[in-house]
Amino acid sequence: MNYRHAFHAGNFADVLKHLVLTRVLAHLALKPAPFRAIDTHAGLGFYDLAAAEAGRTAEWLDGWGRLDTPFPDAVEHILAPYRAAVAAVRARHGATIYPGSPALIREALRAGDQGVFVELHPEDHDGLRARFNGHARTKVLHGDGWTALNAMIPPPERRGLVLIDPPYEVPGEIDRLGAHLARAAAKWPTGVFVAWYPIKTPAAVERMAATLGGALARPALRLDLLIDRPDDARLSGCGLIVVNPPWRLADEASLFLPALAERLARGGYGAFRCEALGPRA
Ligand code: SAM
């Protein structure tokens, strides 16, 4: 396990993922019934952008660091829960902190809601546990996120979301994502699933999306953000599959994806894609 999210926190991939995560959380909070948010590859939970790890790659400067200037109002409206969660975490933990997905989830939990965070790396797990265990609404588990996912759904609340955000260190992990996602969505048909993938080799993404689209019995969205021309050697884009997306997410994506593609592009190249997958596609 070489991947450490501390080197990548707040980069363009986190911006897309955390923006959509906070939209889904805001949607779940519209109804009073409790929900559960399960994060299968949770990371550390908090990252200091002034620390040596973040400084070594400086990736956040081309992600969160580019959001300082406001977008047009319609886009800012969509970003509001993301910006509010980052601001709330910073107010309590320090102005250079960037929240990982567990911290963003915790901000959204109400009395009765639950957050469950799974992490395999021993050090990151220990850090996560120190920060999130012992709180009534959050629980940290040490182990394999894929196994935990299968064991934990459907949750007792019957409403909620799963974030699947693996590090893609193992070849073929993108096909594994498609297979696990199809199985999980069948096991919990009303759950919202948000699954992240890197775009280096577009053919691998096409194959996963086509197979998954054929296997899903539920509607899904594919949201791709490209900040550079596809390149096998480095991350030029990323995407999310959202199964059972909130009903407004496709319309919202038609506003925030072009805005992010323009703002986060490297060397003037930015592109995006928003497409339906599954039975209604
Ligand atoms: N979701 C986090 C966020 O948005 O802040 C970032 C997660 S990072 C991309 C992926 C994490 O998965 C790493 O912390 C890594 O240690 C962990 N990991 C790797 N393999 C795992 C596995 N099989 N099960 C659970 N976690 C795993």
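The values are calculated or read from the model by the stated rules, or taken from the named source; none is laboratory data. Since we're looking at a predicted model, the values are computed, not measured. Here the Cβ is made from the backbone with ideal geometry for all residues, glycine too, and neighbour counts use every protein chain on show. Side chains included, ligands, DNA and RNA excluded: accessible areas come from the protein's heavy atoms. Shrake-Rupley method; radii C 1.70, N 1.55, O 1.52, S 1.80 Å.
The table below lists the values:
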read-out: Radius 14 Å from Cβ of P230, net charge of other residues (Lys, Arg +1; Asp, Glu -1); value: 0
read-out: Distance in nm between pseudo-label sites at A95 and A215 (7 Å out along the Cβ direction from Cα); value: 4.8 nm
read-out: Semi-axis lengths (Å, descending) of the ellipsoid that matches the C-alpha gyration tensor of region 42-106; value: 20, 16, 10
read-out: Directionally averaged shadow of region 171-242, computed from the convex hull of its alpha-carbon atoms, nm²; value: 4.4 nm²
read-out: Protein accessible area in the chain, 1.4 Å probe - carbon and sulfur %; value: 55 percent
read-out: Pair R66, W247: separation of 7 Å Cα→Cβ label points (nm); value: 3.4 nm
read-out: MRE, 222 nm, helices only [DSSP H, n ≥ 4, -39500 (n - 2.57), over the chain, to nearest 500]; value: -13000 deg cm²/dmol
read-out: Which of Y197, Y3 is most accessible, then next, and so on - probe 1.4 Å; value: Y3, Y197
read-out: E275 versus A111: modelled label distance in nm, points set 7 Å from Cα along the beta carbon direction; value: 4.7 nm
read-out: At 1.306 mPa s and 10 °C, Stokes D of region 63-155 from Kirkwood alpha-carbon radius, µm² per second; value: 105 µm²/s
read-out: Shape metrics for the chain, restricted to C-alpha atoms - Rg then Dmax, Å; value: 17.3, 48
read-out: Sites N133 and M1, calculated FRET efficiency, Cβ-Cβ separation with R0 25 Å, nearest 0.05; value: 0.75
read-out: Cβ crowding within 10 Å averaged over residues, with 102-109, 132-139 ranked highest first; value: 102-109, 132-139
read-out: Protection-proxy order for peptides 175-186, 33-44, each taking the mean of Cβ atoms within 10 Å per residue, highest first; value: 33-44, 175-186
read-out: Gain in span if fully extended, L255 to E169, counting 0.36 nm per residue against the direct Cα distance; value: 27.8 nm
read-out: Percentage relative contact order, region 5-277, counting C-alpha pairs under 8 Å, at least six apart; value: 20 percent
read-out: Protection-proxy order for peptides 221-231, 65-75, each taking the mean of Cβ atoms within 10 Å per residue, highest first; value: 221-231, 65-75
read-out: DSSP bridge pairs, the chain: antiparallel proportion in percent, nearest 5; value: 60 percent
read-out: Cleavage-rule hits (chymotrypsin sites (Phe, Trp or Tyr not before Pro)) in region 209-281: DSSP loop, at most 13 neighbouring Cβ within 10 angstrom; value: W247
